[in-house]
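See structure below.
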Amino acid sequence: MTKSVAVVTGSNGLTGQAICKVLDSRGYTVVGLDVADSGKGEYAYQRCDVTSYDQIKEAIQTIDSEYGTIRILVNNAGVWHGKTFFDITAEDYDFTYGVNARAPFLLSQEVAKRLVEVGEGGVIVNLASIVGNIGSGIIDYGGSKAAVINLTKSLAKPLGPHGIRVNAVSPGTINTAMGEKVPKEIRDKLIAGSGLQRAAEPEEIASVVGFLVSDEASYMTGATVDVNGGL
């Protein structure tokens, strides 16, 4: 019997690699998606610029043909440029929403179409952020993550009857390259304001993703799970 196929976007980052590792350990055939020419880790890889609908369609079709129906989709890819309100350009805004909000919608649509066609259930997990609820000085980033939370709730209803669950993980500060881009004074303030007084490790986010894709979370859909150390 072929293992279930799991696709992880933004797979070359630290959180993406941690998610790939967790899903691999649970027996899934993991395929990473990222914009680089080659993938990291010992997983299958498909290059894809998720801001391009044509590349999304091509990548999903290739994975479907080579590995089988995608049963798990983790929309992990994200961008954060750090510009404040008056410095954000139209191009910045479009790019941030393109990666953080538009891509999860289009990827979810392509994967769900195939799941419905073959009559099999599946799971979609979106990576949101605490700023999707509380706002952010990086306006487009905060807005895009709020869109992810809303997308998660909105997709749960039409996909539920097809056995497709949709949930989100909402981290705070993570020890990743993106997390390190946050100015130290802001990062320190966020950590000081958390219950656990530290940033998350990528593996701590990945373990929650692993739970959400498992049968242990079989009655969870439309939920956003806060994994922020008590911020």
> For the range 10-109, which GluC sites (Glu not before Pro) are in a loop by DSSP, counting at most 13 other Cβ atoms within 10 Å?
Replying inline: 42
>> At a 10 angstrom cut-off on C-beta neighbours, averaged per residue, how do the peptides 101-107, 196-202 rank from highest to lowest?
In response: 101-107, 196-202
>> Give me the extension gain from residue 154 to residue 203: residue separation times 0.36 nm, minus the current Cα-Cα distance, reported in nm with one decimal.
In response: 14.9 nm
> Under the definition of Cα pairs under 8 Å and six or more residues apart, what whole-number percent is the relative contact order of the range 5-227?
Replying inline: 20 percent
> Which Cα, out of 50, 32, 6, lies furthest along the positive dipole direction of the range 1-59 (beta carbon charges, K/R +1, D/E -1)?
Replying inline: 6
> Can you list the residues, at least 5 places off or on another chain, whose amide H is less than 5 Å from the amide H of residue 166, using H built in the peptide plane?
Replying inline: 124, 222
>> If I fit a long axis through the Cα atoms of helix 202-213 and take the longest principal axis of the Cα atoms of the chain, what angle between them do I get, 0 to 90°, rounded to 10?
In response: 40 degrees
> Once the other residues with Cβ under 12 Å from the Cβ of residue 41 are scored (Lys, Arg +1; Asp, Glu -1), what is the net sum?
Replying inline: -1
> Which net charge results for the neighbourhood of residue 90, defined as the other residues with beta-carbon distances under 14 angstrom from its beta-carbon, given Lys and Arg at +1 and Asp and Glu at -1?
Replying inline: -4
> Is the shape of the range 114-231 rounded, prolate or oblate, going by the alpha carbon gyration tensor and its root eigenvalues a ≥ b ≥ c, with a/c under 1.5 for rounded and a/b larger than b/c for prolate?
Replying inline: prolate
> Scattering from the C-alpha atoms of the range 1-66 alone, worked out with Debye: what is log10 I(q)/I(0) at q = 0.13, 0.15, 0.16, 0.23 1/Å?
Replying inline: -0.31, -0.42, -0.47, -0.94
> At what distance in angstrom do the alpha carbon centres of the range 153-202 and the range 1-74 lie from each other?
Replying inline: 20 Å
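Values quoted throughout were computed directly from the atomic coordinates according to the rules given, and no laboratory measurement underlies them. As the structure is a prediction and not an experimental result, all values here were calculated from the model. Glycine also receives a Cβ, built like all others from the backbone with ideal geometry; neighbour counts cover every protein chain displayed.
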